[in-house]
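Coordinate-derived values only; no laboratory data. Model, not experiment: these values are computed from the prediction. Glycine also receives a Cβ, built like all others from the backbone with ideal geometry; neighbour counts cover every protein chain displayed.
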Amino acid sequence: MVMTMRRTLAAFAVLGLFMTALLHAQAGSAAPYPPTTQAQIMASTTTPFQKQKIEVSGLHYHANEDVRLTIGGIFVGTAHTDASGSFDPPVIVPALSGAQTLVGAGASGAADDTASLVLTVRVPSTTTPSGGGLAFTGVQIGGMIAGAAVLLAGGVFLTTAGRRRKNAVRV
């Protein structure tokens, strides 16, 4: 009995080690070496207004190079990357509207040195907001006060009724 138990445990241990080795071998083969990085571009907002100043930042570009920035095909500026391939200059959104592509193209021209991001450029409103009195920033408390009063009255009623019944039983 003891030998059968030991053999069963040994078989499970060997099976567990085999499965662990198999999983590690598959996970390790998935990552290419050396790892490659693709340039990335970001903006402080993806829904800017026309002529709004936004911050554009980039990562993983080639180090110490100029990056040409365009929105909807219109040149909006040049950024110079630091030693780690990052930049973050402000740009002014051109007078376009709708979905427009922000593109950062590195001077190297390499495929991994260009990135894009879709911006939805909005037209600023030209109408003035209509007034109508003071803004309401609170809550309607009348209903809450009425509910609290009903609960308080019910508590007083039940307490009084309980005392009357208790006193009636003693007599």
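Data for the structure
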{"quantity": "Full-extension gain in nm, ILE74 to VAL123, via 0.36 nm per residue minus C-alpha separation", "calculated": "15.9 nm"}
{"quantity": "Hull volume in cubic angstrom per residue (convex hull over the Cα atoms of the range 40-121)", "calculated": "68"}
{"quantity": "Built amide H within the under 5 Å cut-off of PHE49, gap 5+", "calculated": "ARG122"}
{"quantity": "Pairwise label distance in nanometres, ASN167 with ALA110, each label 7 Å out on the Cα-Cβ vector", "calculated": "9.4"}
{"quantity": "Positive minus negative residues near THR78 (Lys, Arg vs Asp, Glu; Cβ under 12 Å)", "calculated": "-1"}
{"quantity": "Extension gain, PHE49 back to THR137 (0.36 nm per residue minus Cα-Cα distance, nm)", "calculated": "28.9 nm"}
{"quantity": "Local electrostatic count at ALA105 - Lys and Arg +1, Asp and Glu -1, tallied over other residues with Cβ under 14 Å", "calculated": "-3"}
{"quantity": "FRET efficiency estimate (nearest 0.05) - Cβ-Cβ, THR37 to THR101, R0 22 angstrom", "calculated": "0.55"}
